[in-house]
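The structure under discussion appears below in the form of structure tokens.
The values are calculated or read from the model by the stated rules, or taken from the named source; none is laboratory data. Small disclaimer: the values here were computed from a predicted structure and weren't measured. For neighbour counting, all protein chains shown are included, and Cβ atoms are generated from backbone atoms with ideal geometry for every residue, glycine included.
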């Protein structure tokens, strides 16, 4: 298997939104990372629509229809529609097939009529349950995920993605208890192992169809840390600790690319700027136009090097300005227009820098994702590129170093809680063994006992 | 030129993002960077590293600094006053601000005392202190956490606090008072069975004509009304009040009656027990 | 043929509990308890101090008088009693047995040397009612179980034996949460013990509206969507639903169908309030964030910030004791296989809340709430006399080490962290950092799915067909003081309403009086004529 041991970008200045080293082309004449930013809209089906297949397909059609209608009525040259599956869609692959097909038909009709560049992304839900035998691999749920992925690919999805959950049992334990070792084991080791399993499969499916393997996100782990960290005044877990989890998540999400995912990487992967710096694939990100879904502390910064600008998710309903697919596509569409104007006028780097500086010193989690810092974490990862454990550890240590430097320079002051959490986490990380097997053995001993849901068999350990 | 130099340097963060958590709690700067500590810490070496060693409760660094100073033929008195005590002053400042807690004080206090011992070896006698005090735990009582804190606070404030330990017979207390001529005696007890020794100690002191204020301190059962039920004694509420009481005895010649009356004023804060 | 009876007695710091047993059928017939100890004082050291001040015999007599009252109320023919067994801590058993107590009153050698005290044997003994002054069949035998060592009493032996951990491989923590908590850590049969002076707050005493586990006491609280629901003990000590209230102002949100009135709050109730307060943000140590800085429960029962601080210090003593034991024994709290909670407080407390606030280690996976093991061992002894020798053998062979917390450097360091936490508001993560700096283990993370085993419905599992009697104990002592101006200052200063006055005669209820530890009546007297000792002289005159 391919592992990244060199940076595709030679220096961070080269990385900017709308341009990727390895652009992606899809049907309906759309490209990603090819000099323009694509706005994305994603809308969750109304509650109740999961009651029957008919309701669900109707719902999906309406979402696609609304989005297309608004796109042409405000003059968007391009957009991506993503459908993230609810449980029933994935658990019934024929639902996945029909929903995809109906959305593809809507998009194609608009493409045919207006020549608008469109993309349909389908993201089946990772409904596998580690705590239920036989675990993550080979269970009925696992098979349903595979069948649904294939159903999407076969029925008109431009690309397929997933938010895989491998390692979540242990990382949740680590994140909620401030046990950085468990966090590292859950994300860096278990997460990376499961990614290989999931992504080899997706890439193989995509080979059979005109469908691209998109990307994964560490939503289940690093985003859990980010949400628990909350706002500036929340103290459930330190924002410095959440920043370390994010850096680890980059080493883990990179595995999808190493397995053959080509991007754009999935929108809620806040670690994507790091993965882009290493691998050169286009990425989707979300920030200030995803406030309908959640609050983050890097709403502009995360746009700095994006290729697809997303709203994350919103329920399908009526707002004053229209239905949610209309409203939120308009929001992401106008932001993309701003970025595209900058690209056209050769001021993209300036806009990127302004985006970055609005949030760089808002929070440690934002700081480490500023493109120059993301690049540094990327370098730390490729230095140990062949070893998933060591590279996620290195990523976290580098993130800690970046925070410490900013703090010493007086640019980002930390509270005592953030400071001490960071210091103790870094101390633990520094003292960890340099041998992956030794680390894995130690962790298996501890966490099989402590985390009831954790099942080493799910990772072939 | 990267954006960091070009753009970042022009920014006033206050117009962009304010870290209210840091605004509310204060930044986690190193203790030595605290502005008050900066004012207290000496600027010149080796005093600076000695004081910093005490500030961090780092015994090895403190002793290394002290030894270095002694090798350079600096006066042991100067090392104590300009190095060790300055470090302790800085610790007290952070404690008052709520940045340091009891364990910080204990660790720093230990480093300071070891440093003083090292200086006294060269000096050949005990170093000069503000005054001497005597502390004991009542006979039959092992609970000495309170007494240890009192001794630590006194030493940190430049007093020679004689520590008689725990389970101290009355006779031994009287002998110590005769020998050391302290400005006051502190007694602590946690158990109701042992606190009854306090009036006996006072009685014995009076018999010998030793007029020293006695500070009665202690846990659950020792109360103000009990302590004030016999003469010469003053009820101590918090261990950190002790040096202030000591200062007022030393400088303002306060009597035990005045201490009882002006307790809150002397320690400079509202004390519910004396309200 | 007449039935033969046995009586099991537990003398606790907070009261006496006794059960009558039918020796033929081994059935419990009746149960009687007192809600106070007959000697003045809020903790066992107060009892000890009182006994030393007034003389051992007087204290012994007061205790026996109370026990006689209790066993009389058992409603059996006391002439047909064959066996009694008495269990409790060494101080209570020594007071009962009327043997030397001063060795338990002072630590170190100086006081004992000066007083020429020789510690007595506290081995298993059989004595007779006549010698003790108990009014039962004079040929009955009284069984007193052995202490394990000087510092570890029969009460500790009871909880160890009843938990069954002595024969098991593994690491176990066994504690009796009383005013003075007995805590034992057992590692493959090797026992490390300590006793933590948690303070009376844990039993609801020294809490403004606090009281012992008794009818009408709030013993637990539940968080509902609308407010805090009180759980109250009824006349049979069963837990009943009380009202749901808004804890920040006491407004009743819904009234209970049981219409039960609360008269006070137990230590476990305070612990529940502490836990809910922390979880809901109503408490931010050391402050209560309501308008009047109080937590309000039904029927105008409330808690103050001082109450919270007192309970905090008690819980701090437990946590520091657990850590000290684990450090001394060289094990991790995280590796403890099961936790056993003995005693009424350890029974009525919601174990999940105990885990939340540090009364038991947060990593506890298996939690057993055993109830009153002291009474239960006494019951076993009454039914099986041969057990007495077995207990002596167990006590003699036990590999045990007692850790004196007051002299332990480890405890001193950790307890100073607890004080920083509860008194100065040191954040908890900093507490953990400090443990690390000292080279100690950190507080383990919280177990997400602890298993709680509570086998019975009450701390005393079976009350018998005659049910529960609550016996009022304590004597009314009288005294007259020359020079008394009847200004009533003593009465006003008494925190327990133990003093009354009629025609210049002052009357003192020993069961309510806090004893020699308090003495507010004596200290407050403006004429300095209130002499506590006068009451006891009067008592002696009555007896003679």
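Here are some notes:
- Taken over the range B:88-105, the criterion of being in a loop (DSSP other than H, G, I, E, B) and more than 10 Å from chain C (Cβ to nearest Cβ) is satisfied by B:99 alone.
- The residue that is modelled with the lowest pLDDT, counting only those in the range C:151-187 that are in a strand (DSSP E or B) and over 20 Å from residue C:453 (Cα atoms), is C:180.
- Flag for residue C:68 being surrounded by fewer than 19 Cβ atoms within 10 Å (Cβ to Cβ) and closer than 30 Å to residue C:384 by Cβ: yes
- Residues considered: A:441, A:423, A:437. Of these, the only one that is within 13 Å of chain B (Cβ to nearest Cβ), in a helix (DSSP H, G or I) and either touching a strand residue (DSSP E or B) at 6+ places or on another chain (Cβ under 6 Å) or surrounded by fewer than 20 Cβ atoms within 10 Å (Cβ to Cβ) (or both) is A:423.
- Out of A:157, A:182, A:245, sole residue that is part of a helix (DSSP H, G or I), in contact with a helix residue (DSSP H, G or I) (Cβ under 7 Å, 6 or more places away or on another chain) and either free of Cβ contacts under 8 Å to residues at least 12 places away in the same chain or away from chain C (no Cβ under 14 Å) (or both): A:245
- Counted residues, the range B:248-275 - those being in a loop (DSSP other than H, G, I, E, B) and either outside the structural domain of residue B:237 (by TED's automatic domain parsing) or surrounded by fewer than 18 Cβ atoms within 10 Å (Cβ to Cβ) (or both): 8
- Residue, nearest to the other protein chains (Cβ to nearest Cβ), within the range B:14-47, restricted to residues that are in a helix (DSSP H, G or I) and in contact (Cβ under 8 Å) with a residue 12 or more places away in the chain: B:31
- Single condition residue C:361 does not satisfy, out of (1) within 14 Å of chain B (Cβ to nearest Cβ); (2) closer than 23 Å to residue A:177 by Cβ; (3) within 23 Å of the chain's Cα centre (by Cα): (1)
- Hits in the range B:10-29 (condition: loosely packed, with under 12 Cβ neighbours inside 10 Å and either under 20 Å from residue C:425 (Cα atoms) or at pLDDT below 85 (or both)): B:24
- Residue B:57 being part of a helix (DSSP H, G or I) and not assigned by TED's automatic domain parsing to the domain that holds residue B:161: no
- Matching residues, the range C:126-140, being closer than 28 Å to residue C:182 by Cα and either in contact with a helix residue (DSSP H, G or I) (Cβ under 6 Å, 6 or more places away or on another chain) or crowded, with 17+ Cβ neighbours inside 10 Å (or both): C:127, C:132
- Residue A:295 meets each of the listed conditions (1) more than 15 Å from the chain's Cα centre (by Cα); (2) assigned to a helix (DSSP H, G or I) apart from (2).
- All helices (runs of 4 or more DSSP H) inside the range C:61-149 with 3 or more residues being more than 26 Å from residue C:342 (Cβ to Cβ): C:110-115, C:129-132
- Verdict on residue C:383 being touching a residue at least 40 places away in the same chain (Cβ under 8 Å), within 30 Å of residue C:82 (Cβ to Cβ), more than 14 Å from chain A (Cβ to nearest Cβ) and touching a strand residue (DSSP E or B) at 6+ places or on another chain (Cβ under 7 Å): yes
- Odd one out for residue B:239 among (1) within 26 Å of residue B:89 (Cα to Cα); (2) touching a strand residue (DSSP E or B) at 6+ places or on another chain (Cβ under 8 Å); (3) away from chain C (no Cβ under 14 Å): (3)
- Criterion applied to A:251, A:256 was being assigned to a helix (DSSP H, G or I), within 25 Å of residue A:423 (Cα to Cα) and modelled with pLDDT of 95 or more, and the one residue passing it is A:251.
- Candidates in the range C:491-520 are the residues that are within 26 Å of residue C:471 (Cβ to Cβ) and within 14 Å of chain B (Cβ to nearest Cβ); of these, the one that is farthest from the chain's Cα centre (by Cα) is C:494.
- Complete set of residues in the range C:294-306 that are surrounded by fewer than 24 Cβ atoms within 10 Å (Cβ to Cβ) and within 24 Å of the chain's Cα centre (by Cα): C:302, C:304, C:305, C:306
- Qualifying positions in the range C:309-332 - more than 18 Å from residue C:171 (Cα to Cα) and either outside any helix (DSSP H, G or I) or free of Cβ contacts under 8 Å to residues at least 12 places away in the same chain (or both): none
- Qualifying residue in the range C:344-351 (condition: at negative phi, touching a strand residue (DSSP E or B) at 6+ places or on another chain (Cβ under 9 Å) and in a loop (DSSP other than H, G, I, E, B)): yes
Yes or no, residue by residue, for (1) within 14 Å of chain C (Cβ to nearest Cβ); (2) out of contact with any strand residue (DSSP E or B) (no Cβ under 9 Å at 6 or more places or on another chain); (3) part of a loop (DSSP other than H, G, I, E, B); (4) farther than 23 Å from residue A:380 by Cα:
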position	(1), (2), (3), (4)
A:165	no, yes, yes, yes
A:205	no, no, no, yes
A:221	no, yes, no, no
A:228	no, yes, no, yes
A:232	no, yes, yes, yes
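- Helices (runs of 4 or more DSSP H) fully within the range C:380-466 counting 3 or more residues that are under 23 Å from the mean Cα position of the chain (by Cα), surrounded by 15 or more Cβ atoms within 10 Å (Cβ to Cβ) and not assigned by TED's automatic domain parsing to the domain that holds residue C:148: C:409-424
- Test for residue C:213: is it outside the structural domain of residue C:53 (by TED's automatic domain parsing), closer than 30 Å to residue C:240 by Cα, in contact with a strand residue (DSSP E or B) (Cβ under 9 Å, 6 or more places away or on another chain) and in a loop (DSSP other than H, G, I, E, B): yes
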